[in-house]
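Okay, structure first, notes after.
A short reminder: the numbers here are calculations on the coordinates, not readings from a lab. Given the structure is predicted, the values throughout are model-derived calculations rather than measurements. Methodologically, a virtual Cβ is constructed for each residue, glycine included, from the backbone with ideal geometry; neighbour enumeration extends over all protein chains shown.
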Amino acid sequence: METQVSVILPVHNAEPWLDECLRSVLQQDFEGPMELSVFNDASKDKSMAIIEKWKVTLEGSGIRVVIGGHDSPSPRGVGYSKNQAIAQSSGSYLCFLDADDVMMPPRVRLQLEAAVQHPASIIGCRVRREPPNSTERYTRWINQLTSDQLLTQVFTSNGPTVIMPSWFCSRAWFSHVGPFDEGGRGVPEDLLFFYEHLRKGGGVVRVDQSLLLYRYHPGAATHAVLETTIWAHRVHFLEERALPHWATFTIWNAGRQGRRLYRSLTARAQRKVVAFCDVDENKIKKGFYCYEDSLERPRPRVPVLHFRAARPPFVICVKLDLTGGAFEDNLRSLHLQEGRDFLHFS
């Protein structure tokens with residue numbers, strides 16, 4: 001029987017979590033043909049012994065298990081491991097899983113239903129963070145985005161609007177977009193794939209149930225990616241995707257983040273910035289921001305206005321959910337449309 005869903009599981013030194021992770025594969029309530037494709041990326045702990053033990057149990061319950069890997073002195077990285085796990089798998093649909101996470105029993109069934117309806121989309125889901133208080137604002141953000149915001153807020157935060165360990169998509173669509181970047185440690189392979197997916201017209205859909213326990217711990221691969229690397233990719237994508245549609249725009253935040261965005265833009269994009277806006281009277285009193293390192297002469301002096309005196313569209317560099325609702329109230333009071341009149345960048 002043809003495999004319908006392949007669970008894609010890269011593994012590197014995952015001994016503490018693997019039992020719980022693999023048990024969650026066994027406990028899926030999906031009744032179609034399913035396989036687990038594991039790629040061991042140079043683990044030096046007991047990961048392989050745990051996988052071999054679970055292979056017997058999983059195959060006994062009808063879930064085919066494919067195991068690949070290498071035992072070189074050092075790992076090749078998450079992008080490489082995912083690509084290898086996909087290459088050795090055979091399912092028409094791919095369900096991504098990280099070895100330190102846990103799937104809820106209906107995950108494969110519910111995401112497959114959504115993927116069949118949306119063949120050119122990445123399907124995500126709501127998640128439960130473990131430990132619960134580790135990234136409260138971030139978890140709230142990924143769980144509460146509206147279906148429109150899954151596409152308008154792609155310039156925000158440090159990753160995609162649906163997190164990688166919750167991804168589910170057809171193999172055909174993955175092949176159209178991919179593979180993952182194999183640059184290894186320090187490369188945000190999920191964000192790069194996500195941007196390429198959007199460039200090719202892909203959609204983003206979230207199943208609004210908590211289908212994944214998403215674990216936070218110091219050893220997670222995501223911590224190896226520098227914030228400056230992600231910032232540079234985000235700025236480039238903003239310039240490529242959003243700014244060409246605007247003749248001019250205003251940066252909302254005359255403080256550090258707003259000025260950092262301005263300095264990160266190409267000279268051509270900087271020339272489109274007609275103002276900064278803020279609520280801080282001290283910044284507004286200064287009247288303008290002068291970019292001292294600009295090569296242009298005379299150096300640009302960008303006005304700093306109160307947000308009510310500024311004109312859209314805005315690129316917003318104010319972090320959400322941090323001001324007790326004050327910023328959100330100010331934004332709502334202007335009756336603007338997200339995506340057309342403003343985009344979030346922080």
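Brief remarks on what is shown
- Kirkwood Rh in Å, taken over all unlike Cα pairs in the chain: 21.7 Å
- Efficiency of FRET between Asn330 and Asn143 - r from beta-carbon atoms, R0 35 angstrom, step 0.05: 0.90
- Computed magnitude of the charge dipole of the chain (debye, nearest 20; Cβ of K, R +1, Cβ of D, E -1): 1500 debye
- When you filter the GluC sites (Glu not before Pro) in segment 266-296 for DSSP loop state and at most 15 other Cβ atoms inside 10 Å of their Cβ, you are left with Glu292, Glu296.
- Put simply, the amide H of Leu212, placed in the peptide plane, has neighbours under 5 Å in Met104, Arg128, leaving out anything fewer than 5 places away on its chain.
- Considering only beta bridges that DSSP places wholly inside the chain, some 20 percent are antiparallel.
- Considering only Cα atoms, the convex hull volume of segment 137-181 works out to 102 Å³ per residue.
- Among Ile50, Ile251, Ile122, residue whose mean-square fluctuation peaks in a GNM of the chain (springs only between Cα atoms under 10 Å): Ile50
- Cα-based shape type of segment 1-150, given that a ≥ b ≥ c are square roots of the gyration tensor eigenvalues and the cut on a/c is 1.5: oblate
- Prolate/oblate/rounded call for segment 151-244, Cα gyration tensor, a/c under 1.5 rounded: rounded
- Gln4 long-range amide H proximity, modeled H, under 5 Å: Met34, Ser92
- For Val65, the amide hydrogen comes within under 5 Å of the amide hydrogens of Leu36, counting only partners 5 or more places away or on other chains and with H modelled in the peptide plane.
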